[in-house]
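This report concerns only the one structure given below.
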Amino acid sequence: MSLTESQKAARRQGVGASELLAALGKDSRCSRLELFLRKIGDLPEPDIGDVPRVKWGSRLEATVRDAFAETIGQKVIVPHQTLFHPDAPLVGHPDGWIPALTEGVEIKCADKYEAEEFGEPGSDQVPVRYLVQCAGYMALTNADTWHLAVLIGGNDFRVYRIPRDPQIEAAVLAGVREFWPHVEQRRPPEPATPEDVKLLWPKSVGRVVIATPEIEQLCGDLAGAKLALKEAELKEGSLKAELQKFMEDAAELVDSSGTKLATWRTNKPSTKYDVKRAVADMPDLMKQYEYQQPGARPLLLK
């Protein structure tokens, strides 16, 4: 659901239901540190409004909600007010509420390749990111059930029923209570990935730091890991070449029962631009499109 400016402002007062997985440190698309930087205003919210999946998901939300209402035979309303948990820094804007059942619904549009992440319709077998989000909404509304209505690949409509789980809810609330003091005190969570570290220290200042014995050992361990990775990549390349030699010009590889093992298809051609040639042929024109890109900060073992 697209949020209004007032709803976005309200969400800065706590962790949104869709941000719960990040606050718990389990979201591969957003780390706890990244969420922290967004909450204190040091990192802008990602502008994904023009991403086709997001854009079409927003346009289809009302359609999916209507299909869900028809499926369950109940009126579904759209709450516009921000919900605040009474004793945890949790906020939310549900996609739909079923007054007759005092239950809610989360609306999703998923790509077809995500279909295998869902179980049988009617069950609670949904991706963990949606399960946690629905648990947050149940904590906010005190509802005993939350539904997930999802349109997969544009033509596969499914409805899932998620019962309230006290253990999941307790873990969610404990997670936001642990995370929010970082925001209030402007105290960054520990960086967990190289990308996190770069968010805190994007530039070097030229100083020299003396390694401790533990850090010297860490350098040795990292060198060993890089060597092992290189050896694994060489082995992968060799195995891949053997497989490709066997397939020759075939597009698919199957086992004796017909189960697909691998594909090696020719992709559609793509359009590329010869930037070097354009600069050489039209230097004055290309000069208008120059911009400074921040320098990278690679970690190199010596």
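Only the coordinates and a few stated rules stand behind these numbers; no lab work does. Computed from a prediction, not measured in an experiment: that's the story for all the values here. Backbone-built Cβ (ideal geometry, glycine too); neighbour counts: all protein chains shown.
How do 246-259, 97-110 rank on mean C-beta neighbours within 10 Å, highest first? All intermediate terms of the calculation are to be shown ahead of the outcome.
Numbers: 246-259: 9.2, 97-110: 19.2.
Packing proxy ranking, top to bottom: 97-110, 246-259.
Selection among Ala139, His93, Gln288 by position relative to the dipole of the chain gives Gln288 as farthest towards the positive end (Cβ unit charges, Cα centre).
Going through (1) 6, 30, 39, 22, 3, 0; (2) 5, 18, 23, 22, 21, 10, 1; (3) 6, 26, 35, 24, 8, 1, the figure that equals P(r) over Cα pairs in 10 Å bins from 0, in percent as computed for the structure here is (2). A simple count of charges around Val132, restricted to other residues whose Cβ falls under 12 Å of its Cβ and scoring Lys, Arg +1 and Asp, Glu -1, yields -3.
For the pair Glu231 and Glu190, what calculated FRET efficiency results from E = 1/(1 + (r/R0)^6), where r is the Cβ-Cβ distance and R0 = 35 Å, to the nearest 0.05? Mind showing how you got there, number by number?
Numbers: r = 31 Å, r/R0 = 0.88.
Efficiency for this residue pair is about 0.70.
What is the calculated FRET efficiency for Lys240 to Val128, with r their C-beta to C-beta distance and R₀ = 30 Å, to the nearest 0.05? All intermediate terms of the calculation are to be shown ahead of the outcome.
On the way: r = 31 Å, r/R0 = 1.05.
Taking R0 as 30 Å, the efficiency between Lys240 and Val128 is 0.45.
Assuming R0 = 35 Å, can you tell me the calculated FRET efficiency for the pair Arg265 and Glu120, based on Cβ-Cβ distance, to the nearest 0.05?
0.70
Can you give the calculated 222 nm mean residue ellipticity of the chain, where each DSSP H run of n ≥ 4 adds -39,500 (n - 2.57) and the sum is split over every residue, rounded to the nearest 500 deg cm²/dmol?
Details: 10 runs with 127 residues, N = 302.
Result for the chain: -13000 deg cm²/dmol, rounded to the nearest 500.
Of Glu242, Glu178, Glu114, the residue with the greatest mean-square motion in the GNM of the chain, using alpha carbon springs below 10 Å, is Glu242.
Note down the net charge around Met247, summing +1 for each Lys or Arg and -1 for each Asp or Glu among other residues with Cβ under 15 Å from its Cβ. Provide the component values of the computation, followed by the final result.
Details: positive: Lys240, Lys245, Lys260, Arg265; negative: Glu242, Glu248, Asp249, Glu252, Asp255.
So the surrounding residues net to -1.
In terms of the Cα gyration tensor, with a ≥ b ≥ c the square roots of its eigenvalues, is segment 50-151 rounded because a/c is under 1.5, prolate because a/b exceeds b/c, or oblate? If you can, show how the numbers build up before the last one.
Working: a/c = 1.40, a/b = 1.32, b/c = 1.06.
Here segment 50-151 falls in the rounded category.
Charge tally for Leu227 (other residues, Cβ to Cβ under 14 Å; Lys, Arg +1; Asp, Glu -1): 0.
Figure the gain on full extension for Val51 and Ala100 (residue separation times 0.36 nm, minus the Cα-Cα span) and round it to one decimal in nm.
Details: separation 49, 0.36 × 49 = 17.64 nm, distance 3.57 nm.
Extra length from Val51 to Ala100 when fully extended: 14.1 nm.
Rounded to the nearest 5, what is the percent of antiparallel bridges among the DSSP beta bridges in the chain? Among the beta bridges of the chain, antiparallel pairing accounts for roughly 65 percent.
Could you tell me which of rounded, prolate or oblate describes segment 70-126, using a ≥ b ≥ c as the square roots of the eigenvalues of the alpha-carbon gyration tensor, with rounded for a/c under 1.5 and, failing that, prolate when a/b is larger than b/c and oblate otherwise? Taking the square roots of the gyration eigenvalues as a ≥ b ≥ c, segment 70-126 is oblate.
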